[in-house]
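Novice: Okay, handing you the structure first.
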Amino acid sequence: MGETAEILTLEQEVKNDNRIVQGWLLQYKQRKEKHLARLDNALYASPAPPDGMPRGSGVSNPTEQKGGRLAELDEGDGAWLALIEEVQERLPWKMQIVLKLRREAMYIKGKRRGRPAWVAYVQVHYCEEVAARTGQPLEDVWISKEHTFYAWWARILEYTARLAIKRGLVE
């Protein structure tokens, strides 16, 4: 008999999808830079110099080869990057701030009182940005419940995952 595929629980599937989505949300800048570098490489790559030797059964037209490589790149990473850009634009402004700060806090290590380090960072800086934007004092915009930031982050993940599923980026 053949191997049996591991069946994931619904919760495991959601966690796996969220992990993928979180990676794209948090590492957007780095992934976009890599993507643009690969596009440049594909666009400006020169074909091998003609040496009179017959080639394999690949496409002999260099322009067509480049077009194929560009299309492949755009299908995968390009589609994800476009999705993340759309999510960034469509989020309410307060959630845009949370996403921006969550990215900034991505490399903060450690925990304080059992919570991930990003929560305290986002909590403080979020209120500073909202106060600056609205002209209100910090104490008027302070959010003391850390759960609010977890909930907003979960909603950002959920919005992104739903769009990714609709576009066939997550199965």
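The values are calculated or read from the model by the stated rules, or taken from the named source; none is laboratory data. The structure displayed is predicted, hence computed values, not measured ones. Positions of Cβ are backbone-derived with ideal geometry, glycine not excepted, and every protein chain shown enters the neighbour counts.
Novice: How many residues are farther than 16 Å from residue 99 by Cα, among the polar types (S, T, N, Q) and assigned to a helix (DSSP H, G or I) when one looks only at the range 121-140?
Specialist: The number of residues fulfilling the criteria is 1.
Novice: Let me ask you something else. Say we look at the range 1-22 and pick out the residues that are loosely packed, with under 10 Cβ neighbours inside 10 Å and part of a loop (DSSP other than H, G, I, E, B); which of these is modelled with the highest pLDDT?
Specialist: 9
Novice: Another question, then. I'd like to know if the range 73-87 contains one or more residues that are on the phi > 0 side of the Ramachandran plot and modelled with pLDDT of 60 or more.
Specialist: No: zero hits.
Novice: What about residue 66, is it more than 20 Å from the chain's Cα centre (by Cα), modelled with pLDDT under 95, over 15 Å from residue 160 (Cα atoms) and not assigned by TED's automatic domain parsing to the domain that holds residue 147?
Specialist: yes
For every residue, the table says whether it meets (1) more than 18 Å from residue 29 (Cα to Cα); (2) surrounded by 13 or more Cβ atoms within 10 Å (Cβ to Cβ); (3) not aromatic (Phe, Trp, Tyr).
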| site | (1), (2), (3) |
| --- | --- |
| 100 | no, yes, yes |
| 107 | no, no, no |
| 119 | yes, yes, yes |
| 128 | yes, yes, yes |
| 131 | yes, yes, yes |
| 151 | yes, no, yes |
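Novice: Here are some conditions: (1) under 13 Å from residue 94 (Cα atoms); (2) in a helix (DSSP H, G or I). Residue 143 meets all but one. Which one does it not meet?
Specialist: Residue 143 satisfies every listed condition except (2).
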